[in-house]
Structure formats: structure tokens, C-alpha cells
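The structure appears right after this line, and notes come after that.
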């Protein structure tokens, strides 16, 4: 539905801007000239500009990671079916890198599915203003050439080295048809939008008619960012229009005077009665907020070549086949630093790129590229190789297992001791306690994520329970089957089974009474996975004795989605001779393994056979009892694996 009251304003702004958007430009050091190559911008003044790929000598860089490109292109010949596949390539440089005096935030290249890909909209009434829950997607359907998306590009950067410099978005798209007008949308979601190709349905959309709406206070300040869409129109020769819209409650048009942008005068929901829809916006300051054009000549199609609609692989775009544009998010008022006081906040989570039948925002949708994530920076994960020690405490290294090269890491503790510096990706913990690490994406950014490590210490080695002889688990469909064996069973009053999704916070899910009159006993129990399944679960058994004391088993990690992998370790390490455990995350099958112990002189110091169950295991190694303190080598060999481990006996 259109609000006629603003039509004249919208028309006058668009008309005045049209003449300024069809020439090549360098924005934030990036060449917007409808050419994929860095360092080829026309004119000596801008000869060294960044771009999607680097294929010409110069100081400019490519932003897309091209590792594996040759293998993909070769695969199109050796495995023609691979031409139908979609794939994504990330940014070449780490997030928050400063390259050529510009701050790189994120970039993606995505190849759309070809053939019967199920990533198309059914013929009918699918529109931009609808909820994704109502979009219809067929198994297979022909698409007009002018609507068939081949590849897409996205990139965000700052026009300088600071998080406070202008935020720029660069977009690119190649479409099969090169003649006539083409229409497409780059839509940005605040939620984790997902498309299921099997059921051909969307999920993860927002709560307000399938989107997330922008919210404002009485003064017009943004209190919550919502979904954004850029709608573009290319004629047979150039970009003729690019509009910006945000998802709002229609009442905001009359109740709110935004601080960071102006209402552009257009509003479209699913129908005339819609409360929510996309409203057009314009910058507060004069001048255009975007540039763009299309390839003027036949040119290189990039490191991954180009797969056409007929599945032919070609090295070059035809004239007009690649379209490129840039948007100044800061000028448009969409820079998070302008409305949330956090310039490092992510402006959105997911990108959905789609084509339309005509210039009308409410025209029928045609093709789309699977939603993909941007700014999905990894949250910090802290790790200690040794989390439990007994008898003697050894200084313990703590590390960040997934460091981002340009992030800042700061460690702290309330009850432990940090030896030396408390910054960086690794520190030394000089005492048991809980240690926290804080992650900043940039020194000017607030906290992005935190993680913690809990180091345990027991002077007489009672926490890791010597009464648990073995502990294993197997994931099967929606169930994890647990099995453990104990001795001194008659001293127990209960076995408490606990589960965790992070290995730190455990919850009880079952309590089992001990079998009567048995000293050694084997127990079994099942854990039913919830509907929202985690990638990994952690289990432990708490033994409550008749005298009220408690003992806790080792923690057993069970991956749910990962395929079995023979990853073994010794726990704890260092360990007292009477308390050495072999543990693995997921074994391949039930099997018997030979365990041989060697001292550091290479002499055999012990041997035993152990039985491994399919799945995760924890088995006590008894051959160390009576061994002198020192460093030993353990070799574990079976039909399916051959592992060498080192252990320190205290």
C-alpha cells in the first residue's frame, strides 16, 4: 500500500539522484565499476583500488577467499554434476583487519544452485511484504532469464581504520539475462533466517509478520534495529534506481520523526490492511547514498568462473551480466554506531538475495539465493588441557582455542592466580579457581563474548572417583545410552546422572538406587535428547555414599552431530599412579585394545588389554600402579586405531 502524501518527495529525490549513480567510483577504497578485479579502476588516480578478486598487480587487494578455486573449476569438468551445487566463500582477510587503511568487517561470495534447485518462488503472489512463512517454493519451475540469479557478492568495510569511520556496503550480482530491465533485492534479517530445501520452507524469521521491526523512542531515537531491504533496478545500460527500506509498524510513519534518517514516503505490507511492512527511508543530508553500474564490456567472471543457466562453464561475463553497487550505511542512518552507541554492533545477521518480476516493490518474486550469515564472528572458547589435578598442583596454561587475529583477549579471576600478563590468547594459571576471558573484536569495541575455565585441585585425589571402573556412552538417533561399572557398590546410597551442554553447568536428569548385595556392578541408563539438540553433551556420575559423602566421575563428552572420530586423551594429566584414565570422544566400534606403557628410555614398563565400547569411553589404566613418578608414553592399538599419548605420573 502506498502513502500518497509522500509520493512527490520520493519522486523528486529519486529523480535528482539518478544522474549521479551511473559512473564508476571508488568508495571506501573499493572499486565500484562493475569489474571484479582489484587495481583496474579507470584513471591513474584510482589505479590501486580493492575489489572482489585480485588478478592485476598493484597495492589493492581482493576481499574474497579464493582458496580451492582451481579445484572447484576443475571439478566442473571431472564431475559435471558439481555445476549444479551452491557454495559460499568467506572474506580473504580476518575480520577487523586494517588493509590499505580501511577496516574490513566481512565479505561473502555465494554461487546459487543451478537446475532443479528448489530455491525459487512459485508462480503466484509471493511478495516482499509477506512473511517468509507464507512464501511458496516449488520443487522445480522455469525462471525467466532476466530473473535467474547466478552469483552474488556482499562486503562491509569502514572508510578508514576506525570503527567510527563511515560504514560502506558493497554488493554485486550476476543474472543470466543481459538485456532489458532486471530487478532484485538484498534483504537483511536480524534473526537467523533458514531455508529448508527438503520441505521448501523458511524458518527463523522475526515475530512481527515474519520480520523484526525497527523501534523508536518518543524523540525518534532507534531503540531496536530491524530488517532492511535494498531494492535495485537495472536497465539495459545502467543502474536506474536503488531504494532503501526498513520494516516497521505503519504507525511509526506518523508517530515518529526519526533522528538518523527521513521517511521516504512509501510503505508496503502484505496487503492494504497490513500493520507491518517495509517503509522507504532517505538520508538526512543532501546527496545520494549509493552508486552503481553494470559491466560495460565482456570481462573476467572471477576466480570461480561462471556457470550459466544451461550449465555451461565460461570464463567471462557478457556485457551487462554483472551488476555492482555500493551503499553508505552511515549516510543513510543505518550504521549501528549512530543509534546504539556501539559502532561494533552487527547491523544484521542473515542475507537473503532475490529477484523480482518488475520495478514495483510489490511485484512477484522469482529466484533467490539461500540465506547466508554475515558478521557471524566466533565467540571466544577457553581451554585447559588439564582441568583437574590432585596431590600436587602444576601451573596450567589456559588458551583461546579459536582466536581471531585482530581481537583482544583479557583474562581475569576472582579466586585464582594469573602468572605474568593477563592479556593475549594464552596465560598461565598459578592456582586452582575459575578463570574468565573477555573478547573484544577491536580495542575500540565493547565486550563481544566471554568464556570461562574451572580448574579443580584436590590434595588427596578424591574428586575423580576411583570407584568408577569404566564409563561410556553411545549416541543412537534421539537417545544417548550410558553405561558405567563400579566397585564398592555396597557403600553407595544413590547414583546421580548429570548432563550439561557446556561441560560446566550440570543438571540432574536421573537418580538410580544401587543394586543390592553386589560389590561390583554394571549400570545402564538412557538420556533422551530434547527437540532443540545441542552439538555435544557432557555427562558425569555423582556417587552419594551412605555416609553422605559424594564422589564425582570424570566428565564424558558425547558429540551428537559429528561422525565418530578416534580422539583419545589421558585424564587427568599429570595424574597419580593409581588414577590414570584413558578417554575418547567417539570410538568406531566395540573392540579390544592393547595398552603398552614405555618409560622415557624407551623400555616397556607395563601392558594390559582394555575393552572399548562404540561411542565415548572412559577406562581406568591400572598398569601405572606402583610406577615411579615421571613421564611415560602410552601406546593404544586396536584394529581401528593406533594412538600414542604422553602422561606425567606424580
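If you check 202, 169, 186 for being out of contact with any helix residue (DSSP H, G or I) (no Cβ under 8 Å at 6 or more places or on another chain) and either crowded, with 20+ Cβ neighbours inside 10 Å or more than 21 Å from residue 445 (Cβ to Cβ) (or both), only one passes: 186.
Of the residues making up the stretch 162-195, those that are assigned to a loop (DSSP other than H, G, I, E, B) and either over 15 Å from residue 371 (Cβ atoms) or not assigned by TED's automatic domain parsing to the domain that holds residue 131 (or both) number 11.
Looking at 132, 94, can you tell me which residue is buried (at least 20 other Cβ atoms within 10 Å of the Cβ) and under 24 Å from the mean Cα position of the chain (by Cα)? Just one listed residue meets the conditions, 132.
Can we say residue 108 is in the same structural domain as residue 199 (by TED's automatic domain parsing), touching a residue at least 40 places away in the same chain (Cβ under 8 Å), crowded, with 16+ Cβ neighbours inside 10 Å and within 29 Å of residue 227 (Cα to Cα)? Against the criterion (in the same structural domain as residue 199 (by TED's automatic domain parsing), touching a residue at least 40 places away in the same chain (Cβ under 8 Å), crowded, with 16+ Cβ neighbours inside 10 Å and within 29 Å of residue 227 (Cα to Cα)), residue 108 qualifies. Taking the stretch 131-161, which residues are in contact with a strand residue (DSSP E or B) (Cβ under 7 Å, 6 or more places away or on another chain), under 30 Å from residue 248 (Cβ atoms) and either in a loop (DSSP other than H, G, I, E, B) or free of Cβ contacts under 8 Å to residues at least 24 places away in the same chain (or both)? Residues satisfying the conditions are 131, 135, 137, 159. Within the stretch 482-493, identify whether any single residue is more than 21 Å from residue 389 (Cα to Cα), part of a loop (DSSP other than H, G, I, E, B) and more than 25 Å from the chain's Cα centre (by Cα), and answer yes or no. Looking through the stretch 482-493, at least one residue is more than 21 Å from residue 389 (Cα to Cα), part of a loop (DSSP other than H, G, I, E, B) and more than 25 Å from the chain's Cα centre (by Cα). Within the stretch 313-342, residues that are at positive phi reach partners that are surrounded by fewer than 21 Cβ atoms within 10 Å (Cβ to Cβ) and outside any strand (DSSP E or B) with beta carbons closer than 6 Å, at six or more positions or on different chains, in the pairs 320/178; 333/260. The residues listed here are 400, 499; of these, the one that is under 23 Å from residue 619 (Cβ atoms) and either without any contact (Cβ under 8 Å) to a residue 60 or more places away in the chain or touching a strand residue (DSSP E or B) at 6+ places or on another chain (Cβ under 9 Å) (or both) is 499. Taking the criterion of being under 14 Å from residue 573 (Cβ atoms) and either in contact with a helix residue (DSSP H, G or I) (Cβ under 7 Å, 6 or more places away or on another chain) or assigned to a strand (DSSP E or B) (or both), the residues of the stretch 384-427 that qualify are 384, 388, 389, 390, 396, 397. If you filter the stretch 574-596 down to residues that are within 26 Å of residue 560 (Cα to Cα) and in a loop (DSSP other than H, G, I, E, B), you find that the one that is modelled with the lowest pLDDT is 588.
Looking at the structure I just gave you, is residue 198 modelled with pLDDT of 95 or more, under 24 Å from residue 349 (Cα atoms) and not in a strand (DSSP E or B)? Criteria not met by residue 198.
Only residues that are part of a loop (DSSP other than H, G, I, E, B) and closer than 20 Å to residue 132 by Cα were counted across the stretch 241-276, and they come to 8. Close contacts from the stretch 542-556, counting a first residue that is under 11 Å from residue 496 (Cα atoms) and not assigned by TED's automatic domain parsing to the domain that holds residue 387 and a second that is part of a loop (DSSP other than H, G, I, E, B) and at pLDDT 75 or above, with Cβ to Cβ under 8 Å and a gap of 6+ residues or different chains, come to 542/553; 543/553.
If only residues of the stretch 310-349 that are surrounded by fewer than 16 Cβ atoms within 10 Å (Cβ to Cβ) and in contact with a helix residue (DSSP H, G or I) (Cβ under 7 Å, 6 or more places away or on another chain) are counted, the one that is nearest to residue 68 (Cα to Cα) is 313. Taking the condition at pLDDT below 95 and surrounded by 18 or more Cβ atoms within 10 Å (Cβ to Cβ), does residue 51 pass? No; evaluated as a whole, the condition is false for this residue.
Regarding residue 452, is this residue surrounded by fewer than 17 Cβ atoms within 10 Å (Cβ to Cβ), under 32 Å from the mean Cα position of the chain (by Cα) and either assigned to a strand (DSSP E or B) or modelled with pLDDT of 90 or more (or both)? Judged against the criteria, residue 452 is a match. Within the stretch 611-631, the set of residues being in contact with a strand residue (DSSP E or B) (Cβ under 8 Å, 6 or more places away or on another chain), surrounded by fewer than 19 Cβ atoms within 10 Å (Cβ to Cβ), modelled with pLDDT of 80 or more and not in a helix (DSSP H, G or I) comprises 611, 627, 628, 629, 630.
For residue 96, indicate whether it is in contact (Cβ under 8 Å) with a residue 60 or more places away in the chain and on the phi > 0 side of the Ramachandran plot. Judged against the criteria, residue 96 is a match. When 284, 354 are checked against the criterion of being modelled with pLDDT of 95 or more and assigned by TED's automatic domain parsing to the domain that holds residue 27, a single residue qualifies: 354. Looking at this structure, is residue 516 free of Cβ contacts under 8 Å to residues at least 60 places away in the same chain, out of contact with any strand residue (DSSP E or B) (no Cβ under 8 Å at 6 or more places or on another chain) and surrounded by fewer than 18 Cβ atoms within 10 Å (Cβ to Cβ)? Criteria met by residue 516. Do we find that residue 83 is in a strand (DSSP E or B) and assigned by TED's automatic domain parsing to the domain that holds residue 343 in this structure? In short, no.
Restricting 26, 32 to residues that are in the same structural domain as residue 232 (by TED's automatic domain parsing), touching a helix residue (DSSP H, G or I) at 6+ places or on another chain (Cβ under 9 Å) and modelled with pLDDT of 90 or more narrows the list to 26.
Considering only the stretch 536-570, state which residues are more than 24 Å from residue 639 (Cβ to Cβ), at pLDDT below 75 and not in a loop (DSSP other than H, G, I, E, B). Hit for the stretch 536-570 is 550, nothing else.
The values are calculated or read from the model by the stated rules, or taken from the named source; none is laboratory data. Note that the structure is predicted; figures quoted are calculated from it, not measured. Because the Cβ atoms are built from the backbone with ideal geometry, glycine has one as well, and the counts that use them run over all protein chains shown.
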